[in-house]
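No value in this document is a laboratory result; all are computed from the given coordinates. All figures in this text were calculated on a predicted structure; none of them were measured in a lab. Note that each Cβ is placed from the backbone with ideal geometry, even for glycine, and that neighbours are counted across all protein chains shown.
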């Protein structure tokens with residue numbers, strides 16, 4: 001990674017203006033210099049007024065994230081793949097192993113009880129974050145992919161028969177497409193696709209035509225990981241329920257960016273990953289309505305998901321343990337609980353206002369480059385943190401590699417959404433994805449980098 005020659009001292013928790021570098025807070029071994037003190041605030045910028053948060057020339061959030069202190073001069077624009085973690089989340093995960101490392105649910109001694117309580121507390125926090133009426137409806141998994149596989153396998157075995165239909169959109173991430181392909185092949189159900197217009201919008205007519213009386217399950221993304229467009233989930237749920245179908249929502253790209261309420265959406269199941277919402281890798285969430293979870297068969301079997309076992313049969317434990325076989329990642333789950341605390345401390349109104357300003361600025365700057373094609377909605381207000389684009393005549397992998405030489409991090413490839421890209425007439429795109437810890441300087445660095453990329457292949461203009 002290229003080194004930055006100058007650095008400006010920034011006190012942890014205080015704002016830094018655009019273009020100011022953050023000093024390295026890492027020692028020679030690359031470890032953070034110090035943990036957050038007990039009782040310290042989760043963020044240096046709690047609950048800013050949205051108008052203040054929308055000033056992208058300043059950055060009151062970056063100091064919350066140790067990676068940016070360890071790598072001053074880094075321009076990270078790949079948050080749709082994984083978000084960065086605030087110090088409070090990193091410390092929460094480490095503190096579990098320092099202070100209460102024991103297997104949850106399996107012991108009556110104090111450390112084990114504390115580990116169990118940590119999971120219970122995180123379950124309550126996640127339920128509050130997504131508006132779930134009962135914390136027991138929150139199932140912890142490894143990631144959104146596993147959550148969606150559980151939904152497809154267990155809900156499919158419960159509901160699907162030959163001739164039934166499963167309806168998904170062509171915009172789905174492979175994690176919400178391949179599991180339904182598999183369960184349809186196993187059950188004899190038919191997989192039906194919703195097709196958007198050129199900007200990624202699903203029409204009322206398309207929803208009514210595809211979600212018909214044979215539909216038993218509808219599974220859609222809340223926000224496209226390529227186009228950033230929000231799907232009309234409430235309309236889809238209303239139509240599906242009128243046809244007697246259940247609805248699964250992939251919220252991996254919405255929970256980090258907007259307030260999600262499962263009751264307001266009207267869905268029956270919802271999935272997201274901790275690592276995209278500023279939590280640790282290796283933890284996912286599957287929410288489902290209690291009656292549905294109780295009716296579904298388990299996905300994995302083994303320890304902790306049983307009530308009793310004989311030589312010939314087993315009785316399942318109640319929800320949610322029924323779907324949480326084996327030793328759970330108590331440290332990661334506890335850190336996810338801290339991540340929800342962090343998000344609530346920052347506040348969704350501030351997050352949304354800032355990210356709307358960032359997306360607007362990014363799309364405006366990209367429009368200045370006549371050799372760049374942007375995919376998805378023209379109106380930046382219709383995007384949630386994601387902008388996919390291509391540079392004329394230059395493969396996205398080359399674009400990404402050259403940008404990396406300028407310390408600009410973007411995604412290049414098919415983004416695990418090949419059917420959508422084929423419908424757009426391309427095999428790969430570049431993707432810049434934003435979070436509220438970005439600022440104007442990140443976008444300016446991307447634009448400068450794209451001009452550099454164009455010059456390498458075509459000479460300066």
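Using every pair of separate Cα atoms, the Kirkwood estimate puts the hydrodynamic radius of segment 172-311 at 16.5 angstrom. When DSSP assigns beta bridges and you keep just the ones with both residues in segment 93-344, what percent turn out antiparallel, to the nearest 5? Taking every DSSP beta bridge within segment 93-344, about 45 percent pair in antiparallel fashion.
Each DSSP beta bridge with both residues in the chain is either parallel or antiparallel, and the antiparallel ones are about 60%. Per residue, the convex hull spanned by the Cα atoms of segment 256-343 measures out at 102 cubic angstrom. Taking every alpha-carbon pair under 8 Å whose residues sit at least 6 apart, segment 93-344 reaches a relative contact order of 24 percent.
Calculate how many DSSP beta bridges within segment 195-328 are antiparallel, expressed in % of all such bridges and rounded to the nearest 5.
If we restrict to bridges inside segment 195-328, about 55 percent are antiparallel.
Every pair of different Cα atoms in segment 125-220 enters the Kirkwood calculation, which places the hydrodynamic radius at 14.6 Å. Rounded, prolate or oblate: which fits segment 239-285 when a ≥ b ≥ c are the square roots of the eigenvalues of the alpha-carbon gyration tensor, with rounded for a/c under 1.5 and prolate only if a/b beats b/c? The shape class here is prolate. The ellipsoid equivalent to the alpha-carbon distribution of segment 358-444 has semi-axes of 19, 16, 13 angstrom, derived from the gyration tensor eigenvalues as √(5λ) and listed largest first.
An oblate overall shape is assigned to segment 62-202, the ratio a/c of its alpha-carbon gyration tensor axes (a ≥ b ≥ c) being 1.5 or greater and a/b not exceeding b/c.
For the chain, the relative contact order works out to 21 percent when only alpha carbon pairs closer than 8 Å and six or more residues apart are counted.
Spatially, segment 279-293 and segment 257-271 are offset by 12 Å when compared through their Cα centroids.
If R0 is 22 Å, the Cβ-Cβ spacing of residue 49 and residue 378 corresponds to a FRET efficiency of close to 0.15.
I want to verify the translational diffusion coefficient of segment 93-344 in µm²/s; compute it with Stokes-Einstein, Rh as the Kirkwood radius over Cα pairs, at 20 °C and 1.002 mPa s.
On the way: Rh = 18.6 Å.
So the translational diffusion coefficient is about 115 µm²/s.
With Cα atoms defining each centre, segment 117-162 and segment 230-249 are spaced 18 Å apart in the structure.
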